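Heads up: the structure comes next, in structure tokens.
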Amino acid sequence: MASMSDIFKSFMLRELFGGMAVTGRALFAPKATVRYPEEKTPRSPRFRGLHALRRNPDGTERCVGCKLCEATCPAMAITIEIAPDENGKRRTTRYDIDMRKCIFCGFCAEACPVDAIVETRFYEYCVERPGDLVWTKDILLENGALREEEIVRDRECDGECA
Amino acid sequence: MIALGKLHEFGHGVFGAFWPSVFIVVSTLIKIACIVAPLMLSVAYLTLLERKTIGGMQARLGPNRVGPFGLAQPLADGLKLLFKEIVIPSGADKAVFLAAPIFSIAPALAAWAVIPFDEGIVLADVNAALLYLMAVTSIGVYGVILAGWSSNSRYAFLGGMRSAAQLISYEIAMGLALIVVLMVSNSLSLGEIVKSQARGVFAQAGFSVFSWNWLSLFPVFVVYMVSIVAETNRAPFDMAEGESEIIGFHLEYSGLAFALFYMAEYASMILCATLAAILFLGGWLSPFSCFPNGFHWLFAKVFVILVFFFWIRATFPRYRYDQVMRLGWKVFIPVVLVWMAVVAAWMMSPLSVWK
Ligand code: SF4
Ligand code: SF4
């Protein structure tokens, strides 16, 4: 008798309809898709995107040329050359980050004693030739100038705010 | 009518005694265009509907980039395939290689000749329409086998063999299901089969939906529905494609030749859905007698069946090949055979509902 009812059940396709109910409900459930250029997923204040070099409020560069970031970078993406400036202070004459090598680990920002190099929330950059992915000091400084407010805000709340 | 008279006059002037035959040929060609053009459009948009439905069931949105709501997506896909090169493998049998897609799509189109859209609206009112359908649709398997064989690739060949075996197995179950239907309708003509479903106790009470064949022949209906999924090579029986693990007969095809196989698949999906609607769901009949009959009912039924196909595809994992064969030979064929005997006895008994 049990086998008869089993046959009947399998012929009524009960389990199959149970499965179809799941997919049927999903059809009307909210979708997970994010329509990228129009919508964006939220980013945390600790998001590690494009690097920026920051300046002091008086306009001088924060970076003291200690080369800690260069030393700590696991991908060896940072190249720094230093020379004393007209006031005899240690300054970088070259600060390149090779974005082809960078793995966005954030160690450079962590290592920096003066918070000169930071990673910003900005990630939507692209170039036409791979060689253009070597960001120079000028570009990094400009990025810092552009996003200084956001950088300050993000560092203040340190992951507590969205 | 006057315009038609003028046309005949003009035709006689131009073609003389040949006019009647010319008229028949031309008017038939126009009718064919009236069927095939919307059909091709539906095939194109069926792909979009499928991607949207399946996307929805997988919590995605589906194509939405080309045109509003992605409505131009089929056109973009078609254009892309049109401009792609058709690569003919070295050592392939060129003529057969190029003919195979045509073998595949032609039956799916030719079968529409006998499909009635409404009472009397049918291209060719053949009285053995069901027989014609079974004959024509079974040609499709040649496309599969020839494509696999002519590609000169053992994977395509094995895929072709596998698909052909599958198609033939399910054709038997399908054919037997059709026999049961024609037994109870007492006719091979599709129009008659639909009309016979309008008779019965429920139809007289105004609920013709319960007089349709699906209820009285329920096991056959189930077998038929599953068989057409297998017959059109759809998931979960898509042994022919099986992109992720096994490869099918159209492995070596590219560009428009590949597109033809796809169009054939979707065209035969629409065809099988229409057949299911006609044979089991009362074709153009309205489900309750308070609504008028009409071709829109047929379209609505076909639409529901097609969405059901997509739903199945989004839900179930692919069958293993031996499971496909077991289902066809050990379950469906015996079930239909038994049900055929039961229906035959039922028809002869005083309890028959088909008098
Ligand atoms: S984020 Fe990591 S890999 Fe990139 S530059 Fe900084 S330390 Fe190097
Ligand atoms: S960016 Fe920071 S860690 Fe790197 S050289 Fe300058 S001060 Fe030192």
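The values are calculated or read from the model by the stated rules, or taken from the named source; none is laboratory data. Bear in mind that the values here come from a model prediction, so they are computed numbers and not experimental data. A quick note on method: Cβ atoms are made from the backbone with ideal geometry, for glycine too, and the neighbour counts reach across all protein chains shown. These accessible areas exclude ligands, DNA and RNA; they are computed on the full protein's heavy atoms, side chains included. Shrake-Rupley method; radii C 1.70, N 1.55, O 1.52, S 1.80 Å.
Figures for the structure shown
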| read-out | value |
| --- | --- |
| For the range B:1-145, with +1 on Lys and Arg beta carbons and -1 on Asp and Glu, the positive-most of B:Ile35, B:Leu48, B:Trp112 along the dipole | B:Leu48 |
| Compactness of the range A:63-162, expressed as Rg and Dmax over alpha-carbon positions, Å | 14.1, 42 |
| Accessible area (Å², per residue) of the range A:51-157, counting only protein heavy atoms and a probe of 1.4 Å | 58 |
| D_trans [Stokes-Einstein, Kirkwood Rh over alpha-carbon pairs] for the range A:54-118, 10 °C, 1.306 mPa s, µm² s⁻¹ | 130 |
| Chain B - accessible surface per residue (Å², probe 1.4 Å) | 48 |
| Cα convex hull of the range B:198-243 - mean projected area over all directions, nm² | 3.8 |
| Where N is the number of residues in the range A:1-51, Cα Rg divided by 2.2 N^0.38 Å | 2.32 |
| Positions from the range B:305-352 whose accessible area shrinks by 30 Å² or more when the full protein complex is built, not the chain alone, probe 1.4 Å | B:Phe308, B:Trp311, B:Thr315, B:Phe316 |
| Above-threshold pairs, the threshold being 20 Å between Cα atoms, out of A:Lys31/B:Lys52; A:Lys67/A:Lys137; A:Lys89/A:Lys137; B:Lys31/B:Lys80 | B:Lys31/B:Lys80 |
| Evaluated at q = 0.09, 0.12, 0.13 Å⁻¹: base-10 log I(q)/I(0), Debye formula over Cα of the range B:84-348 | -0.42, -0.73, -0.84 |
| Rg to Rh, two decimals, where the range B:1-46 supplies the alpha carbon set and Rh follows Kirkwood | 1.22 |
| Drop in accessible area of at least 40 Å² in the complex versus isolated chain, residues of the range B:50-73, 1.4 Å probe | B:Gly56, B:Met57, B:Ala59, B:Leu61, B:Arg65 |
| Long-range HN-HN contacts of A:Val134 with modeled amide H, under 5 Å | A:Met99 |
| Kirkwood Rh, Cα atoms: Rg over Rh of the protein assembly as shown | 1.17 |
| Whole-percent carbon and sulfur share, accessible surface of the protein assembly as shown, 1.4 Å | 67 |
| Axial C-alpha extent at least 20 Å, average Kyte-Doolittle at least -0.5 - helices from chain A (DSSP) | A:14-28 |
| Equivalent ellipsoid dimensions for the range B:90-167 as semi-axes, Å, which come from the Cα gyration tensor, largest first | 32, 12, 7 |
| Chain B: DSSP helices with Cα axial extent of at least 15 Å and average Kyte-Doolittle hydropathy no lower than -0.5 | B:2-15, B:19-57, B:94-110, B:140-150, B:154-185, B:218-231, B:255-280, B:295-315, B:333-348 |
